[in-house]
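**Q** The structure is given below, and queries will be raised subsequently.
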Amino acid sequence: MKRITGLLSFLFAICLVVACGGEGQGDEIGSSDPEISSRAFGELEDGRQADLYTLRNSNGVEVDITNYGGIITSIRVPDREGQSANVVLGFDNLEGYLDEHPYFGAIIGRYANRISDARFVVDGQEYLLAANNGDNHLHGGIRGFDKVLWGAETGMDGSLTLTYRSEDGEEGYPGNLDVEVVYSLTNENELVIDYSAETDRATPVNLTNHSYFNLSGDTSGDILGHTLEIDADSYTQVDEELIPTGELLPVEGTPFDFREPFRIGERIGDVPGGYDHNFVLNGEPSALPRLIGSLYDPESGRKMDVLTTEPGVQFYSGNFLDGTIRDGAGNLIGKHAGLCLETQHFPDSPNRPEFPPVILHQGEKYETITIYRFSVE
Ligand code: GLA
């Protein structure tokens, strides 16, 4: 009897392999190629249409991006129970983005972060930029890359390529700058952002993405209970206008020491105004992105690693969010409802020759990659 049962289970096992083997292969979790689809998102004031693209991988992770501002409107990833939720702040309609908002999810350029007194000198010539943050220039000016409609093309590999020509003189910058940003989602749950640009005249360039993350999902609560790790021994000291003084201060023994994972809320009270600082990342910036930090939400188990080729990252703890805006689900977005990890060159570098250089010359190619990688623990 034993032998017959044994034989039967053996035959059953063979049948299973034959029945499921061939046909199942393409459908296995993690094995099919990432996909992209699109739909109309809304109309701009000038009548042009903005679209919304959905990148989807074989694990069911979904990222929505509109070609208005190159904005990531949603990233849906599972928690440790397998429940998916949106881990970035934003709206579910274009109108929200056309109204005033604090750069939710957008591509920032031509120069991310601040340029003091909205001026700089290149090749002996002074350029005056739009002053949109007191006397200073912030995030590309009044109409930065976050407020323009980008050309969009979908790729067979499920990627989205956005293109924009920033014309000579736009917001005060010299030279025509052709920018390309490729968003792709891998089956390893990595959102890869690949930026490149070329110019016909020397100009500063510093591109980043301004997503506000809240790993608890669907804007529930704040990010003070998240733990953060940043591989940086120092940060750029800033004055009261958040302009670097030129000093690099060691993080050792300060609330800026995130070399080991630390709960964000633990020391934020010791940082006047909250975190809004550029961390000087360890390791040489190179052509290949390196792991520079991780964000973790112990409640949901969601974790996000950040990899970049950039020398710095602005950790902004959502200090200016004030509960006057509602997200797509109708929740009010209050102080610390989300945080940004903006990979970048240092603020005010065009006026700080001692910082890593940011001037792109004709004939050169600006290239930088940042990856947000999601997992659960
Ligand atoms: C950046 C800046 C902050 C703030 C936000 C937008 O991250 O560093 O000071 O301006 O953008 O509100």
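**Q** For region 232-324, what's the radius of gyration and Dmax over Cα atoms, in angstrom?
**A** Calculated on Cα positions, Rg and Dmax stand at 14.0, 41 Å.
**Q** Sticking with this one: Given Cα pairs under 8 Å that are at least 6 residues apart, what percent is the relative contact order of the chain?
**A** After rounding, I find 17 percent.
**Q** Karplus couplings for region 331-337 from phi (6.51 cos²θ - 1.76 cosθ + 1.60, θ = phi - 60°), rounded to Hz, Gly and Pro as x?
**A** Result, rounded to whole Hz: 6, 6, 9, x, 3, 6, 5.
**Q** Another question about this same structure. For region 147-162, just list the computed ³J(HN,Hα) in residue order, Karplus coefficients 6.51, -1.76 and 1.60, θ = phi - 60°, integers in Hz, with x standing in for Gly and Pro.
**A** In residue order, the calculated couplings are 10, 10, 8, 8, x, 9, 9, 9, x, 4, 8, x, 8, 10, 9, 10 Hz.
**Q** What do you get for GluC sites (Glu not before Pro) in region 105-183 restricted to DSSP loop and a cutoff of at most 14 other Cβ within 10 Å of the site's Cβ?
**A** Those satisfying the criteria are Glu167.
**Q** Using only alpha-carbon positions, what ratio does the radius of gyration of the chain give when scaled by 2.2 N^0.38 Å?
**A** Here the answer is 1.08, to two decimals.
**Q** Rounding to the nearest 10 and keeping the result within 0 to 90°, find how far the Cα-based axis of helix 2-24 lies from the longest principal axis of the chain.
**A** Between helix and principal axis, roughly 40 degrees.
**Q** Place +1 on the Cβ of every Lys and Arg and -1 on the Cβ of every Asp and Glu in the chain, take the dipole about the Cα centre, and give the residue among Tyr68, Ile359, Ile223 whose Cα lies farthest towards its positive end.
**A** The Cα lying farthest towards the positive end belongs to Ile223.
**Q** What Kirkwood hydrodynamic radius, in Å, does region 168-324 give when the mean of 1/r is taken over all pairs of distinct Cα atoms and then inverted?
**A** About 17.6 Å, per the Kirkwood formula over Cα pairs.
**Q** Pick from Arg56, Arg259, Arg39: which is most flexible by mean-square fluctuation in a GNM of the chain where alpha carbon atoms under 10 Å apart are linked?
**A** Per the Cα network of the chain with a 10 Å cutoff, Arg39 tops the list.
**Q** With r defined as the distance between the Cβ atoms of Gln362 and Glu260 and R0 fixed at 45 Å, what FRET efficiency is calculated, to the nearest 0.05?
**A** In this case the efficiency is close to 0.50.
**Q** Please compute one quarter of the surface area of the Cα convex hull for region 43-193 and express it in square nanometres.
**A** Averaged projected area of region 43-193's Cα convex hull equals 10.5 nm².
**Q** Just to verify a number: FRET efficiency for Leu44 and Glu252, C-beta to C-beta distance, R0 = 41 Å, to 0.05?
**A** So, using R0 = 41 Å, E works out to roughly 0.25.
**Q** Within region 254-345, list the GluC sites (Glu not before Pro) lying in a DSSP loop whose Cβ has at most 15 other Cβ atoms in a 10 Å radius.
**A** Here the GluC sites (Glu not before Pro) that fit, given the DSSP loop and packing criteria, are Glu299.
**Q** Just tell me which aspartates and glutamates come within less than 15 Å, Cα to Cα, of Lys147; anything on the same chain fewer than 8 places away is out.
**A** Cross-link targets: Glu43, Glu45, Asp46, Asp51, Glu95, Asp99, Glu100, Glu167, Glu170, Glu171.
**Q** Along region 236-241, what does the Karplus equation 6.51 cos²θ - 1.76 cosθ + 1.60 (θ = phi - 60°) give for ³J(HN,Hα), rounded to whole Hz, x for Gly and Pro?
**A** 7, 5, 10, 8, 5, 9
**Q** Here's something else I'd like to know. Label Ile142 and Asp99 with points 7 Å out from Cα along Cα→Cβ: what is the distance between them in nm?
**A** 2.2 nm
**Q** Further, regarding this structure: What full-extension length gain, to one decimal in nm, is calculated for Asn176 and Asp33 as 0.36 nm per residue of separation minus the Cα-Cα distance?
**A** 47.9 nm
**Q** Using DSSP to call loops (not H, G, I, E or B), can you name the chymotrypsin sites (Phe, Trp or Tyr not before Pro) in region 274-377 whose Cβ has at most 14 other Cβ atoms within 10 angstrom?
**A** Listed in order of number, the matching sites are Phe320.
**Q** Which of Asp200, Asp46, Asp239 ends up with the largest GNM mean-square fluctuation for the chain, with Cα atoms connected below 10 Å?
**A** Highest fluctuation among the options: Asp46.
**Q** Express in nm, to one decimal, how much length is gained between Thr163 and Glu284 on full extension, taking 0.36 nm for each residue of separation and deducting their alpha carbon distance.
**A** Answer, rounded to one decimal: 40.7 nm.
**Q** Straight-line reach from Lys335: which aspartates and glutamates have a Cα under 15 Å away, not including same-chain ones fewer than 8 places off?
**A** Asp222, Asp276, Asp322, Asp327
**Q** Let me spell out the model: positive unit charges on the Cβ of Lys and Arg, negative unit charges on the Cβ of Asp and Glu, origin at the Cα centre of region 220-377. What dipole size does that give, in debye rounded to 20?
**A** 500 debye
**Q** Here's another thing I want to ask about it. Where the only charges are on Cβ atoms (+1 Lys, Arg; -1 Asp, Glu), what is the dipole of the chain about its Cα centre, to the nearest 20 debye?
**A** With Lys and Arg at +1 and Asp and Glu at -1, about 1120 debye.
Quick note: the coordinates plus some simple rules give every number you see, no bench work behind them. The structure presented is a predicted model; accordingly, all values stated were derived computationally and were not measured. Cβ: placed from backbone, ideal geometry, glycine included. Neighbour counts: every protein chain shown.
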